[in-house]
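One structure below.
The values are calculated or read from the model by the stated rules, or taken from the named source; none is laboratory data. Nothing here was measured: the structure is a model prediction, and the numbers come from that model. Don't worry about glycine lacking a Cβ; one is built from the backbone with ideal geometry, like all the others, and counts go over all protein chains shown.
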Amino acid sequence: MRRHILAGFIFLGVLLLLAAAASAFTVTVEDNVLLQRWRNNAPNPGGTAPEGWYDYIGGDEFDTSRAEITYAGDDVTITFFTNFSGLAGDSYGIDRGWDDDYLYHAADLALDLDEDGFFETGIALVGHSAPPGDPRHPDGIPGADTTLFPDPGDFILGGIYNATGWFTPDDIHRTTSSVGQKYDLGAPKTTYSWLYQGTKIGDAGVDWMKVGESYELEIFLRGINDGGEWNSFDFLWGTATCGNDVIAGHAAVPEPATFVLFGLGLLGLLGYGWKRSHKS
């Protein structure tokens with residue numbers, strides 16, 4: 001009788017193990033990246049770090065709190081939880097002064113699939129090419145380099161690109177300004193804003209959803225992981241084209257050994273519960 005009960009426990013444990021391996025797995029990355037304002041090629045304000053480093057720059061409408069990366073079969077879904085709507089001047093977005101305000105559109109998502117420190121893949125989260133002229137300076141920005149943007153590419157919403165160049169927040173402004181340009185307190189790095197040049201290699205579904213007083217940005221990649229290329233990658237999102245809130249992190253599916261340990265743990269708990277129940 002005991003052998004039959006033990007066999008039942010083992011069978012149940014195996015079923016749970018297989019269910020865990022087959023089900024969706026989600027990686028959560030909290031936003032713990034600090035951002036540094038720069039003006040005229042220098043931190044502004046300066047001071048001894050972490051003075052001048054912020055969770056986000058600008059109002060809390062730019063605050064991004066976390067990312068969730070979900071693996072389900074060959075599909076990968078990247079979801080950002082943010083106060084930023086991503087589209088200026090729409091019915092629920094941030095309207096800061098003029099139509100089609102490029103300063104307040106969404107930044108593109110930068111991805112490092114081979115984890116070599118270079119973000120060679122990008123997903124356009126708004127359709128764009130070169131930043132339009134800044135209506136605050138109709139005659140051109142004093143001192144701006146008119147050759148700054150030779151032959152920028154055209155990028156469509158949801159397009160996945162092999163990225164060969166990125167705009168930075170200063171590029172978007174066409175001059176140095178008080179924008180979130182550096183991230184990573186330990187080793188300051190330049191923030192990416194928009195794709196600058198690249199070749200389209202695929203498509204993603206992009207959906208901005210208003211949830212209460214904030215938003216969820218869902219990027220759905222159907223069937224993209226059939227060869228395991230997305231099993232482990234780094235990502236960077238600057239939220240808005242000014243790089244107002246950078247969230248960066250790492251996503252990876254668990255190794256098969258992790259599922260085995262999970263299953264063994266379940267078996268151990270089941271066996272321990274059965275043993276206690278027969279002692280009492």
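Residues of the range 238-255 that are buried (at least 17 other Cβ atoms within 10 Å of the Cβ) and either within 19 Å of residue 202 (Cα to Cα) or among the small types (Gly, Ala, Ser) (or both): 238, 240, 243, 248, 249, 251. Pairing residues of the range 57-78 that are closer than 16 Å to residue 233 by Cα with residues that are acidic (Asp, Glu), at Cβ distances under 6 Å and at least 6 apart in sequence or on separate chains, gives 74/226.
One line per residue, one yes/no per condition, for (1) at pLDDT below 90; (2) within 23 Å of the chain's Cα centre (by Cα):
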site: 79; (1), (2): no, yes
site: 92; (1), (2): yes, yes
site: 98; (1), (2): yes, no
site: 108; (1), (2): no, yes
site: 154; (1), (2): no, yes
site: 165; (1), (2): no, yes
site: 181; (1), (2): yes, yes
site: 184; (1), (2): no, yes
site: 192; (1), (2): no, yes
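Considering the range 23-70, and only residues there that are over 15 Å from the mean Cα position of the chain (by Cα) and farther than 20 Å from residue 181 by Cα, the residue that is surrounded by the most Cβ atoms within 10 Å (Cβ to Cβ) turns out to be 25. Of all residue pairs spaced 6 or more apart or on separate chains, those with beta-carbon atoms under 6 Å, a first member in the range 25-36 that is under 12 Å from residue 248 (Cα atoms) and a second member that is surrounded by fewer than 18 Cβ atoms within 10 Å (Cβ to Cβ) are 28/68; 30/66; 31/65; 31/66; 34/185; 35/54.
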